[in-house]
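Heads up, the thing below is written out as structure tokens.
Bear in mind that the values in this text are calculations on the coordinates, not laboratory data. Everything quoted here is computed from the prediction, not taken from an experiment. Please note: Cβ atoms are built from the backbone with ideal geometry, for glycine as well, and neighbour counts cover all protein chains shown.
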Amino acid sequence: MSAYQRLDMRQGQSLVMTPQLQQAIKLLQLSNIELAEFVAEEIERNPLLERGENGSLNESAPESDVDKSKGRDELALDGSEGMANARDAVDASDTDMYEAGTGSDEARTANSQVSGPSASTDWSTVGSGRGGGEDFDFEGSLTSEKSLHQHLHDQLSMAGLSQADSLIGARLIDETDESGFCKVEIHEVAKALGADSANVEAVLHVCQGFDPTGVMARDLTECLALQLKEQDRLDPVMQTFLENLHLVAKHDIKGLGEVCGVDKEDVMDMIAELRSLSPRPASGFATEATIAVAPDVFVKEMPNGMFAVELNSETLPRVLMDKAYYAEVSALPMRDKEREFISECASNATWLIKSLDQRARTILKVASEIVRQQDAFFAHGVAHLRPLNLKQVADAIEMHESTVSRVTSNKYMATPRGLFELKYFFSAAIPSTGGGEAHSAEAVRYRIKQLIEDEGDKVLSDDKIVEILTEFGIEIARRTVAKYRESLGIPSSVQRRRVLKASA
């Protein structure tokens, strides 16, 4: 070991994450709503940026070339797409690009040929899709009626409580959720307000007498009890019945009869009475409007049996760089710091526009490959969904898996079968019994759902479902069937038999 200092020259390679490169990666994983907010902030921060009325993608991008013999399309992108990880996100070309947006039809549309007949599946049976008719009036469904909190505060003001108790009541109302439940800990509210727990409890009981009946209950049992109390039906037997709602969920009629000390007929009467109550007392009040998901791409079936993949121009930000203003400002005399600021703004504007352009192209390329890989789904339905992972798509389009993962996050595809998140089309593979092509986990889950829906009077156990799936060439374990069934919210065969017996 040398005891003296010295200088060495070494040569190496490394990927430097510049701020611009980090920005391009960030843009890939943003949803269209988040992207719109980000672009709005950049326009406010950068004086050289402005919104454009009509944007266009890079004109140097070639038209999509459809290979009809294989049902494949090739959409070339500018930039270093073959590079791993972060470099997939940026366009390395030196094209003088000052506008990003909707793009021309040739640049933003790709076709994917699908073999077989046109899709004729009943799309309403596809549980994972979400879609509405073109005539659906979303704005007409919104309401400006009084909210639950306003309704409760109005009643609180007329309850005749002291000022201190009114403050406690207002706090409890603010803690009430949209369903009408006040799931708070009394001692926590008392500690926060510096009040006595017994006083908070008393105010809560007063508020529980407000309209609608059952509002501000702390749980479902208390909610139902308040409604039964108003109807003068909360006797000791009914109270015991409410304390054993878990047996009601299991349709354990015999167990309920033993706990409540009544016969089967009385149990059925109490269940019928329970069904007449409202588990969500605030369901009739106005709530905040849910923002509809805007698709990033559209998939449309063509007359020739192919599917066209098109970017949603409404969600693509239209950004322009004001080159005339930049030239005018650059010609003015200014200090070095001001000139550096203008130069940085021009650089950031150019890079942002190129990043937006590349983001749109990458989304289109990934979506086109997904449609190409899952053509059987679009033609025949969810039962024909193929197993697919990020690596398969990444290898096909010569990108890194992390890039595909970012592109498919919070992105949605509007198809003739409904609205789907891009990640929906990626599922694990279930092996085939005959050593043939593997089955998609989502398709197997759909088959399990169909089998149970069509079981009728003969309830199928998990073991029986395994036997039926084996006949279809699907190799699956019983515990996997149970896991898929539970993920679909379907009760066990024992519970389904109880329901069937109780309804007989």
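Positive-end ranking of 466, 477, 494 along the dipole of the stretch 429-503, with charges on Cβ about the Cα centre, is headed by 494. Relative to the current alpha-carbon distance between residue 175 and residue 283, full extension at 0.36 nm per residue lengthens the span by 37.2 nm. A Förster radius of 60 Å combined with the Cβ-Cβ distance from residue 276 to residue 409 puts the calculated FRET efficiency at roughly 0.85.
The Cβ shell under 12 Å around residue 244 holds other residues with a net charge of -2, Lys and Arg each +1, Asp and Glu each -1.
In loop segments of the stretch 318-392 as defined by DSSP, the trypsin sites (Lys or Arg not before Pro) with at most 15 further C-beta atoms inside 10 Å of their C-beta are 335. Counting 0.36 nm for each residue step from residue 313 to residue 221 and taking away their Cα separation leaves a gain of 28.1 nm.
Taken along the Cα-to-beta-carbon direction at a fixed 7 Å, the label points for residue 500 and residue 301 span 3.5 nm. Modelled spin-label separation between residue 398 and residue 458, with each label point placed 7 Å from Cα along the Cα-to-Cβ direction: 5.5 nm.
Could you tell me which GluC sites (Glu not before Pro) in the stretch 240-336 are loop residues by DSSP with no more than 13 other beta carbons within 10 angstrom of their beta carbon? Intermediate results must be reported in sequence, preceding the final value.
Numbers: sites: 243, 258, 265, 273, 288, 301, 310, 314, 328; in loops: 243, 288.
Those satisfying the criteria are 243, 288.
Residues of the stretch 348-362 with an amide N closer than 18 Å to a point placed 7 Å from the Cα of residue 330 along the Cα-to-Cβ direction: 348-354. Since only 156, 172, 260 are under comparison, the one whose Cα sits farthest along the positive direction of the charge dipole of the stretch 148-275, derived from C-beta charges on Lys, Arg, Asp and Glu, is 172. Note on residue 37 and residue 188: the model spin-label points, each 7 Å out from Cα along the C-beta direction, lie 2.5 nm apart.
Suppose we look only past 22 Å in the calculated P(r) of the stretch 148-275. What percent of the Cα-Cα pairs does that tail hold? Tail of P(r) above 22 Å: 44 percent of Cα pairs. What FRET efficiency comes out for the pair residue 230/residue 153, r = Cβ-Cβ distance, R0 = 25 Å, nearest 0.05? After rounding, the FRET efficiency stands at 0.70. The gain in end-to-end length when the residue 479 to residue 246 segment is fully stretched comes to 81.5 nm, 0.36 nm per residue minus the alpha carbon separation. Near residue 197, once Lys and Arg are set to +1 and Asp and Glu to -1 for all other residues with Cβ below 13 Å from its Cβ, the sum equals -3. Under 24 Å Cα to Cα from residue 254, which lysines show up? Leave out anything in the same chain fewer than 8 places away. Residue 254 reaches 264, 458, 501.
For the residue pairs 146/183; 391/411; 354/391; 300/464; 146/250, alpha carbon separations beyond 30 Å are given by 300/464; 146/250.
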